[in-house]
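Everything below concerns the one structure shown next.
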Amino acid sequence: EPEVTQTPSHQVTQMGQEVILRCVPISNHLYFYWYRQILGQKVEFLVSFYNNEISEKSEIFDDQFSVERPDGSNFTLKIRSTKLEDSAMYFCASSEAEYNEQFFGPGTRLTVL
Amino acid sequence: DQQVKQNSPSLSVQEGRISILNCDYTNSMFDYFLWYKKYPAEGPTFLISISSIKDKNEDGRFTVFLNKSAKHLSLHIVPSQPGDSAVYFCAAHGSSNTGKLIFGQGTTLQVKP
């Protein structure tokens, strides 16, 4: 069964460093998303991406964040200058259409020291 | 942002009995709702969804009920099995057409053998 994959599973970085989280969505899906979950809190929407552009972003998704689909398979989330409060699980998701169920990857645990 | 609320942080039921997980929402523009299950160290897994034009959707042991006037939905699991023990998230499609999901805080279900 096709699945969303994410790498790395765990990323540790120093505050102020740049990180890139990688995702491979399901191949025939057209809509891509990033969510995050800070420990003990709810899953929060960060950004949705369709047709090679951002379709919606949350307040959390400020200028330090960017997304890219550099080729036909990968979907990346870059945090330019990480802060302590960026420590969270980051989930990538994809769907066939905007009103279909979203399939989530296993997540990347980001720890900012 | 408390647009989707799951007021019970945890629920414990006996194997074979019914599990009922509840969810409330505040935005009457929401028109599509989903339930996800999450195991530790994994991403959310889609369970079942319901459109606002329906009041019930059933898939095997899982049934979702929607009461639009009360802005309330519930997930029924019958019969409950120990493997159902997980965190259950209710989610709603945001009012924009971008696929954004708004999640509740989650309810931890424990099914005792």
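Here is how the numbers come out for the structure above:
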| item | result |
| --- | --- |
| Qualifying residue in the range B:75-86 (condition: aliphatic (A, V, I, L, M) and at pLDDT below 95) | no |
| The range A:30-43, subset crowded, with 19+ Cβ neighbours inside 10 Å and of a type outside the set (A, V, I, L, M, F, W, C), residue farthest from A:Phe104 (Cα to Cα) | A:Lys42 |
| Residues being in contact with a Gly (Cβ under 9 Å, 6 or more places away or on another chain), in a loop (DSSP other than H, G, I, E, B) and either more than 10 Å from every other protein chain (Cβ to nearest Cβ) or surrounded by fewer than 21 Cβ atoms within 10 Å (Cβ to Cβ) (or both) - total across the range B:79-113 | 3 |
| Any hit, the range A:57-80, residues being buried (at least 19 other Cβ atoms within 10 Å of the Cβ) and touching a residue at least 60 places away in the same chain (Cβ under 8 Å) | yes |
| Matching residues in the range A:74-113 - criterion: being aromatic (Phe, Trp, Tyr) and over 27 Å from B:Phe30 (Cα atoms) | A:Phe75 |
| Top-ranked residue in the range B:3-32 [being of a type in the set (Val, Ile, Thr) and over 15 Å from the mean Cα position of the chain (by Cα); ranked as surrounded by the fewest Cβ atoms within 10 Å (Cβ to Cβ)] | B:Thr26 |
| Top-ranked residue in the range B:37-51 [being within 24 Å of A:Tyr90 (Cα to Cα) and in contact with an Asp or Glu (Cβ under 9 Å, 6 or more places away or on another chain); ranked as nearest to the other protein chains (Cβ to nearest Cβ)] | B:Phe46 |
| Residue list for the range B:33-52, filter: in contact (Cβ under 8 Å) with a residue 12 or more places away in the chain, outside any strand (DSSP E or B) and loosely packed, with under 14 Cβ neighbours inside 10 Å | B:Tyr39 |
| Elements of type strands (runs of 3 or more DSSP E) in the range A:1-107, at least 2 residues being facing chain B (nearest Cβ under 10 Å) and among the hydroxyl-bearing types (Ser, Thr, Tyr) | A:31-37, A:43-50, A:88-95 |
| Some residue of the range A:85-100 being within 23 Å of A:Gln17 (Cβ to Cβ), in contact (Cβ under 8 Å) with a residue 12 or more places away in the chain and in contact with a helix residue (DSSP H, G or I) (Cβ under 7 Å, 6 or more places away or on another chain) | no |
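The values are calculated or read from the model by the stated rules, or taken from the named source; none is laboratory data. None of these values were measured; they are calculated from a predicted model. Backbone-built Cβ (ideal geometry, glycine too); neighbour counts: all protein chains shown.
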